[in-house]
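Data block below; observations after.
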Amino acid sequence: MLDLNLFQTDKGGNPELIRESQRRRGAPVEWVDQVIAQYDDWKVARFELDQLNKQINRIQKAIGMKMKNKEDATELIAEKSAIQEQKAQLAVDEKAKEEVLNKLAARIGNLVHDSVPTSMDEDNNEIIRTWPEQQDPPQKQTDILSHHEVLYRLEGYDGERGANVAGHRGYFLTGPGVDLNMALIQYGLSFLAKRGYKKLQTPFFMRREMMAKTAQLEQFDEELYKVTGETDDKYLIATSEQPISAFHANEWFEQPEKQLPVKYAGYSTCFRKEAGAHGKDTWGIFRVHQFEKIEQFVLTEPTKSWEMFDEMIATSEGFFQSLGIQYRVTAIVSGALNNAAAKKYDLEAWFPFQGEYKELVSCSNCTDYQSRRLEIRCGTKKMGDREKRYVHCLNSTLCATERALCCILENYQTPGGLKVPKVLQPYMEGVEFIPYTRPAPKAGQCGNQVGGQFWQRLCAEHGISADGTLEDFATHGGDRKDVFFYQADDEHYIPRALLLDLEPRVIDEVLTSPFANLYNPENIFCSKEGGGAGNIWALGYSQAERVCEEVLDMVDREADGSDSLEGFMLLHSIAGGTGSGMGSFLLEKLNDRFPKKLIQTYSVFPNNTEVSDVVVQPYNSLLSLKRLTTNSDSVVVLDNSALSRIIADRLHIPNPSFAQTNQLVATVMAASTQTLRYPGYMNNDLVSMTASLIPTPKCHFLTTAFTPFTSDTVDKAKSIRKTTVYDVMRRLLQSKNKMVSTVATKRNCYVSILNIIQGEADPTEVHKSLLRIRERRLAQFIPWGPASIQVALTRKSPYIETAHRVSGLMLANHTSVASLFKRTMDQYDRLRKRNAFLDQFRREAMFADDLTEFDESREVIQDLINEYKACETPEYLQTGLNNPTPT
């Protein structure tokens, strides 16, 4: 708390200095005037109380004289008693006003030092220096593992069991993880001891009144864990700074030149709720609720505190230099300082996998802000305590060990394991290298990863930058950005997207990508359990049930914010755990919650031509297919087998990356929405486009084809020199360009076709192309409906240079898609015949008593296959929809 005399000009104070400090903090300036007004009010009460005390003293003297002279003092005694009653009431009032005064004054932050950069935006933190000095900024490394993957492969921690025992962000350190963490603790304490610091292990909790006096309660009250007792409440400490600052409460250093500075190497376990950190660093041990920390804490004379501030940050720098960790020191802007700090430096270390600097150290000079409330003074005691000098308190992290360990894991990893930093080896019995004992964890490559590519594609097509701002050249494109984006108050464009996952790796990649600031943080959800669905449909489904309210609140918020909600688009995989299980649950809830809105999915089917590393893939696929059949209006089928074939055969990329495969899917998705975003006269809304493709409700599975893929859509794809409308429409009908691997028979036929032609296409050219296709009988249609190809002409984005004049996407309803379902069902039958791999399903409530859900799902898929078979017959309409006769 500030010296109250600073608020009083008659006592040499300067209220304007405090107001300016509040302005720099972005805090209410009127709070200063409220303190001054309350101070004046308290002074009046204090003056009145003093006057009553003087009256009582005078009367007491008079009573003494009366009694000495053996005179009657009854009236004086009665007068004294009445004044004492008045004083007692006034004392209560004075005490209440003093408490209000202290409460108001405690809201005012420390005076911001002149050297602190003034800003409300932490992006304006000033870089003081980097180590080692460098000309070019470091680059993100894409060929290494993240810190949590390294620790997983070392068998150094168990996050899944930790979350099960302790909840979100819980963890167990195991084996090498324990060794490395303890080595950091021991090395950190030794490092400070050699520099004159006294080791101090603190209590885990503090009494409320002592926590409040550290001047941290206002900042940490929402983050601190509270321990409730029978008679009082205690707070678990968020940092050892809190108990150490109170270590010398109500003490006086009478010989500061000999007794100060006092330097402590505080060691503690710390506990934080991490409020406001939802979605940040959700995997691994970087941001957790419980962690170990080595803290520098110093009490010094006021005249020497800034010299000590520089010394303390230099000590932290020396520690990380000894570890060989690249870092930078930044001066924190005024608007980001906590109330106690007059100035703060952060040390941010480089994380090569994440490609960013992350804070590991905070160093603050709190001057006398903490010591005033704690009554820690220095200097010779003056007569009547009229002159009070308070020590200055400084704190600096040396090492939050779990965070520092994360940095070491990313910087010291090798293809075979982890090199142990040389300075830690003496604390690990000389171990120099820890080999991997587990294979790398496999992350899902669908859903949010493909979605990320899709939104990048849409941003490029609409001239929107990675942070959501509109490029200067993108003001007259004639496009409708509002279909898939909305504008925030600052006019940034934000995708109408929810990013949902039960495992944080892909979400973390999105949040550390150049497009991290594009998305609304409130629309990003990652399960607090953090362990994913383990490629088990049942686990994904049950976890989705547990987080149902939180996810549906996000859906409702976005739906309510849409002016004219037409429907939902879901991108997922049906083979793994999250996309299949959580995706199935969402489909059921969306269908129930929004029965009149269209639900379209882009569903990625597994590669059925190769042996899957997910042994329960057929179970997951069958259970997902049931929901796609009963709860969606349109399913765009994307088959991994076909995607791999197209990349290898058509694009001549022998070993495609996941990014290239995802770009393939994103291109199709973007093209399928082209008529919505660059509207023409037809098919400019989702419902009309879907209605033209799906004449009967059950046969709503659509296949796609696209041509040509060029380098502007897929990295390293070959260029096309010349394209015509006919060439594009002809290629779209060729099986080698279709993104579904189906087994075609002579009876298979098209129910409907919609070709979306982008670019410079003349309607006359389109008409001629349709005639040639009909003459050559390149497409066979159902016998009971119109045999025509619908064509929608749409403009290309003017913001992307393409290597072709015309490109095209075919959305087709073709009966051969049933062979994909048949293949899935056959694979299911082979597993179910042996009742193989069912234990993990039986652990969940849906399958605990019986396996009827499997049987019902198989029946639904068999009916779907029969429906498509019946669709190929002339009697289909007469037979009756949804009641086909198998042929």
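Just so you know, all these numbers are worked out from the coordinates, no wet-lab data involved. Everything numeric in this text was worked out from a predicted model, so none of it was measured. Note: ideal-geometry Cβ built from the backbone for every residue, glycine included; neighbour counts use all protein chains shown.
Whole-Hz Karplus values for the stretch 176-192 come out as x, x, 5, 4, 5, 5, 5, 5, 5, 4, 5, 5, x, 5, 5, 4, 6 Hz, taken residue by residue from phi with 6.51 cos²θ - 1.76 cosθ + 1.60 and θ = phi - 60°; glycine and proline positions read x.
The stretch between Tyr799 and Asp592 holds 70.5 nm of extra length on full extension. This uses 0.36 nm per residue minus the Cα-Cα distance. The distance linking the stretch 517-594 with the stretch 1-42 is 50 Å (Cα centroid to Cα centroid, whole angstrom). Highest average first, the peptides 828-838, 731-741 ordered by how many other beta carbon atoms sit within 10 Å of their residues are 731-741, 828-838.
Taking each residue as 0.36 nm, the span from Val165 to Gln321 lengthens on full extension beyond its C-alpha to C-alpha distance by 52.5 nm. Adding -39500 (n - 2.57) for every DSSP H run of four residues or longer, then dividing by how many residues the chain holds, sets the calculated 222 nm ellipticity at -12000 deg cm²/dmol.
Sort 410-421, 8-19 for me by packing, meaning the mean count of neighbouring Cβ atoms within 10 Å per residue, highest on top.
Top of the packing list down: 410-421, 8-19.
Here the Karplus curve 6.51 cos²θ - 1.76 cosθ + 1.60, taken at θ = phi - 60°, turns the phi angles of the stretch 340-357 into couplings of 6, 7, 8, 7, 9, 10, 10, 9, 10, 8, 8, 10, x, 5, 7, x, 7, 7 Hz, with x standing for Gly and Pro. Rounded to whole numbers, the Karplus 3J(HN,Hα) couplings from phi for the stretch 86-94 are 4, 5, 4, 5, 5, 5, 5, 5, 5 Hz, using 6.51 cos²θ - 1.76 cosθ + 1.60 with θ = phi - 60°, and x at Gly and Pro. For Leu570, nonlocal amide neighbours, meaning residues 5 or more places apart or on other chains whose placed amide H falls under 5 Å from its own, are Gln600, Thr601, Tyr602. A full extension of the chain between Glu48 and Glu20 corresponds to an added length of 6.7 nm, given 0.36 nm per residue minus the alpha carbon distance. Among the listed pairs Lys95/Lys344; Lys66/Lys381; Lys528/Lys589, those with a Cα-Cα distance over 32 Å are Lys95/Lys344; Lys66/Lys381. Taking percent of Cα pairs over 41 Å apart as calculated from this structure, the corresponding entry among (i) 51; (ii) 40; (iii) 45 is (i). I'd like the distance between the alpha-carbon centres of the stretch 414-432 and the stretch 834-853, rounded to an integer number of Å. Centre-to-centre distance over Cα atoms comes out at 45 Å. For the residue pairs Lys738/Lys796; Lys234/Lys343; Lys140/Lys358, the C-alpha atoms sit more than 24 angstrom apart in Lys234/Lys343.
Close amide H contacts of Arg496 (hydrogens built in the peptide plane, cut-off under 5 Å, sequence separation of 5 or more or a different chain): Phe485, Tyr486. Judged by the mean number of other Cβ atoms found within 10 Å, the most tightly packed of the peptides 678-686, 817-825 leads the ranking 817-825, 678-686.
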